[in-house]
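The values are calculated or read from the model by the stated rules, or taken from the named source; none is laboratory data. From a predicted model like this one, the values you see are computed outputs, not experimental measurements. Backbone-built Cβ (ideal geometry, glycine too); neighbour counts: all protein chains shown. In case anyone asks, the SASA skips ligands and DNA or RNA and just uses the protein heavy atoms, side chains included. Shrake-Rupley method; radii C 1.70, N 1.55, O 1.52, S 1.80 Å.
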Amino acid sequence: MKTKSTSKASFTAPTLTFMRDLVTNNNREWFHANRPRYEAAKAELFTVVERVLAGLSPFEPLANTAVKDCVFRINRDIRFAKDKAPYKSNLAFAIGPGGRHSGRIDYYVHIQPGNKSFLGAGMWNPTPANLAKFRQEVDYNAAELKAIIEADAFSEYFPEASGEVMKTTPKGYPADHPEIELLRRKELFFMHRFTDKEVLKPNFADDIVQGCRLIKPYCDLLNYLFFDEKEEGPTL
């Protein structure tokens, strides 16, 4: 992983202004005429991601993870979309081993003016097999999960649990199960929102790192359940 320390890893007001202007001028002609503004915003994004990668390195194995592999393109895929606006209204990056396509539970950062920026991580759109693993863990050992997500520091920083929740009872579990609220969850994604003022702080990248440190135990638990748990071999 190639990183270097920078004296300032944050966004500036012109970047947020560019993103606001893009919302009301979301067309290729305007974008190309304002490409220098976009390139400046992109450079700031890369600097922030670089600092975040460096900050995560002491506690997160991210060898050979390049900044460019973490950053999402600003272009939208409009092939099958009703909304034909060609550009996203946000800047974003996700950090996992190898970048945004790690295939694991990673850290997602979304930068959008209007106080819509956030850091998020967790179970989102899981496969049926992974959802079944999550529910089995809740059934057998909810204490470990609850010790993480109900800890004071965690719940204060990540007060918002997003995702789809069943209105009925999942098949195979009784309606009076003591952990029925967790079992009903089809997604469990936690978010910490940032104001525009916080995004513009000189040490914003360091704030992201601290948030990642807090949610890492939850990500680690999900990654263990979904990807790392070893199946027992046949009994001889």
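Determine which member of the set 169, 195 is under 24 Å from residue 125 (Cα atoms), of a type in the set (S, T, N, Q) and more than 14 Å from the chain's Cα centre (by Cα).
169
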Cross-chain or 6+ apart pairs with Cβ under 7 Å, segment 59-73 first and farther than 12 Å from residue 42 by Cα, then open to solvent by 30 Å² or more (accessible area, probe 1.4 Å) and among the aliphatic types (A, V, I, L, M): 62/1; 63/1; 64/1; 65/1
Helices (runs of 4 or more DSSP H) (entirely within segment 1-89) containing at least 2 residues that are among the polar types (S, T, N, Q) and modelled with pLDDT of 95 or more: 13-24
Count - residues of segment 192-205 that are farther than 11 Å from residue 115 by Cα, open to solvent by 60 Å² or more (accessible area, probe 1.4 Å) and part of a helix (DSSP H, G or I): 0
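For segment 30-68, name all the residues that are aromatic (Phe, Trp, Tyr) and more than 21 Å from residue 202 (Cβ to Cβ).
30, 31, 38, 59
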Leading residue by the ranking (farthest from residue 41 (Cα to Cα)) among those in segment 93-110 that are open to solvent by 10 Å² or more (accessible area, probe 1.4 Å) and among the small types (Gly, Ala, Ser): 103
Among the residues listed as 173, 218, the single one being surrounded by 13 or more Cβ atoms within 10 Å (Cβ to Cβ) and in a loop (DSSP other than H, G, I, E, B): 173
Top-ranked residue in segment 144-153 [being assigned to a helix (DSSP H, G or I) and within 18 Å of residue 123 (Cα to Cα); ranked as least open to solvent (accessible area, probe 1.4 Å)]: 145
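What about residue 178, is it at pLDDT below 95 and either touching a helix residue (DSSP H, G or I) at 6+ places or on another chain (Cβ under 7 Å) or open to solvent by 60 Å² or more (accessible area, probe 1.4 Å) (or both)? Steps first, answer last, please.
On the way: at pLDDT below 95: no; either touching a helix residue (DSSP H, G or I) at 6+ places or on another chain (Cβ under 7 Å) or open to solvent by 60 Å² or more (accessible area, probe 1.4 Å) (or both): yes.
So residue 178 does not fit the description; no.
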Residues (loosely packed, with under 13 Cβ neighbours inside 10 Å, touching a residue at least 12 places away in the same chain (Cβ under 8 Å) and under 23 Å from residue 96 (Cα atoms)) located in segment 112-143: 125
Tabulated pairs, segment 25-49, first small (Gly, Ala, Ser), second open to solvent by less than 30 Å² (accessible area, probe 1.4 Å) and in a helix (DSSP H, G or I), C-beta under 8 angstrom, 6+ apart or interchain: 40/15; 40/18; 41/15; 41/18; 41/19
Subset of segment 152-175 [within 20 Å of residue 217 (Cα to Cα) and touching a helix residue (DSSP H, G or I) at 6+ places or on another chain (Cβ under 9 Å)]: 153, 154, 155, 157, 158, 161
